[in-house]
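S.K.: First the structure, which I've put down as structure tokens, then a few questions once you've had a look.
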Amino acid sequence: MNRCNALSAPSRRPTVLALCLLTLGLWAGAAQAQTAGQRPFPPQALRGVMVVAQPPVITLDGQPAQLSPGARIRGTNNMLVMSGSLVKQELTVNYLREPHGLVHEVWILTAAEAEEKRPTAADLKN
């Protein structure tokens, strides 16, 4: 009875290894392409200055606000950041509110992104 796995046969090892390396290379290239250049923000995202007081309580442009239960805060590298690690830091951000008015999506901006013009909540009131 032959119990030899076809993929572990010596003649197939280089092919399997080459396929694995190719797949890893494609994943690495895709990850690098996502981080290159400016991040695309939704057109309805507003600009503001956020300070986390005691999560989920925050201030946006000096006005009290609150993070939604499923809020996502993305750092300058587009990775998720926990709100507890941002306590008392004044951060320039783009943000989206959910239908009930809670802040649901936040992007902490790089210096280059902060230079771009974007509407603020005060602009919408005027």
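S.K.: Taking a 1.4 Å probe, which of K117, K88 shows the most accessible area, and what order do the others take after it?
M.R.: Values: K117 190, K88 170 Å².
Final ranking, largest accessible area leading: K117, K88.
S.K.: Same structure, new question: Using a Förster radius of 35 Å, what is the FRET efficiency between V57 and A111 based on their Cβ-Cβ separation? Nearest 0.05, please. All intermediate terms of the calculation are to be shown ahead of the outcome.
M.R.: Working: r = 27 Å, r/R0 = 0.77.
After rounding, the FRET efficiency stands at 0.80.
S.K.: So with the 1.4 Å probe, I'd like the accessible area per residue for the stretch 51-126, rounded to whole Å².
M.R.: Working: 4800 Å² over 76 residues.
Value for the stretch 51-126: 63 Å² per residue.
S.K.: Going through the stretch 80-125, which GluC sites (Glu not before Pro) have at most 15 other Cβ atoms within 10 Å and a DSSP loop state? Intermediate results must be reported in sequence, preceding the final value.
M.R.: Values: sites: E90, E105, E113, E115, E116; in loops: E116.
When the GluC sites (Glu not before Pro) of the stretch 80-125 are filtered for loop state and at most 15 Cβ neighbours within 10 Å, E116 remain.
S.K.: Using 0.36 nm per residue of separation minus the Cα-Cα distance, give me the extension gain between R39 and T92 in nm, one decimal. Kindly include the intermediate steps, with their values, before the conclusion.
M.R.: Working: separation 53, 0.36 × 53 = 19.08 nm, distance 1.49 nm.
Stretched fully, the R39-T92 segment lengthens by 17.6 nm.
The values are calculated or read from the model by the stated rules, or taken from the named source; none is laboratory data. Values in this document were obtained by computation on a predicted structure and should not be read as measured data. Positions of Cβ are backbone-derived with ideal geometry, glycine not excepted, and every protein chain shown enters the neighbour counts. With ligands, DNA and RNA removed, areas are computed over all heavy atoms of the protein, side chains included. Shrake-Rupley method; radii C 1.70, N 1.55, O 1.52, S 1.80 Å.
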